[in-house]
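Before any comments, here is the structure.
Here, each number is a calculation from the coordinates, and none is a lab measurement. This structure is a prediction, so every number in the text was calculated from the model and none was measured. FYI the Cβ positions are ideal-geometry reconstructions off the backbone, even for glycines, and counts take in every protein chain you see.
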Amino acid sequence: MRFGAVLADLVLPVACAGCAVPGVALCPDCGCLLRRPEPAVAVPTPAPPGLPTVIASGRYEGVLRGALLAYKERGRYGLAALLGTRLAAAASVAVRGEPVLLIPVPATAAAARARYGDHMTRLARQTASALRRGGIPAAVAYPLAARPRADSTGLDAGERLVAAAQAFAVRPARLPKIRAAAASGVHLLLVDDVMTTGATLAAAADRLGRGGLDVTTAAVLGATRRRNG
């Protein structure tokens, strides 16, 4: 965490992360909406080859979009627990009560510096805590590392596939324990914040598969409405 971001969040005038009404970090109406996830299977069109089955907690729009951007881009760390609980609702549908290892899609070093740390690492830990509170044994594993790459914002579906294909590397030393957990019946679940084309999740699952980890499901906070191209 960056101390400056935390200090600014404490002393500067705040606005609701969901609707921007001044004076509150999250207004009651937006808080209520965030606490009502609607987990469902999300499938981009077209779906990239190798895309796991993806459960999204809702559409990436409105209050969810505003809250996630405030958390990720503006260092509003106080939203992590609420967003983690919401992601846990999608994860619980994906794993159906089985013990689970969450595998967050990692940020590049440059993105982590720009976004006040690796937001998915923090969010995955909150998600695991929420799952445990709900009676599902859960932990977080980190077998993936992100290679340097350009931001995918503005890329079309084909360009995202090309960029994602080389986006990740596995950490070999971490694989044996994860393989052993999977062999004992622990569910391996990819987790990310937003699915747009599905290219990132498909690439992460492919890289894990090459490392001997069969990952067939994923959970995300939001899924975008797919646009042609």
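Structure notes:
- Once the C-beta distance of T216 and A145 is scaled by a Förster radius of 30 Å, the resulting FRET efficiency is 0.90 to the nearest 0.05.
- Computed over region 73-123: relative contact order in percent, which uses C-alpha pairs under 8 Å that are six or more apart: 49 percent
- Each peptide among 82-89, 126-133, 182-189 gets the average number of other Cβ atoms lying within 10 Å of its residues, and from highest to lowest they stand as 82-89, 126-133, 182-189.
- Residues of region 55-95 with amide N under 13 Å of the 7 Å Cα→Cβ point at V41: 55-56, 94
- Dividing the summed helix terms, -39500 (n - 2.57) for each DSSP H run of n ≥ 4, by the number of residues in the chain produces a 222 nm estimate of -12500 deg cm²/dmol to the nearest 500.
- Each of A205, G135, Y71 was placed along the dipole of the chain (beta-carbon charges, centred on the mean Cα), and the one lying farthest toward the positive end is G135.
- By average C-beta atoms within 10 angstrom, highest first, the peptides 49-55, 199-205: 199-205, 49-55
- Compared with the direct C-alpha span, the chain from A173 to R113 gains 19.1 nm at full extension, assuming 0.36 nm per residue.
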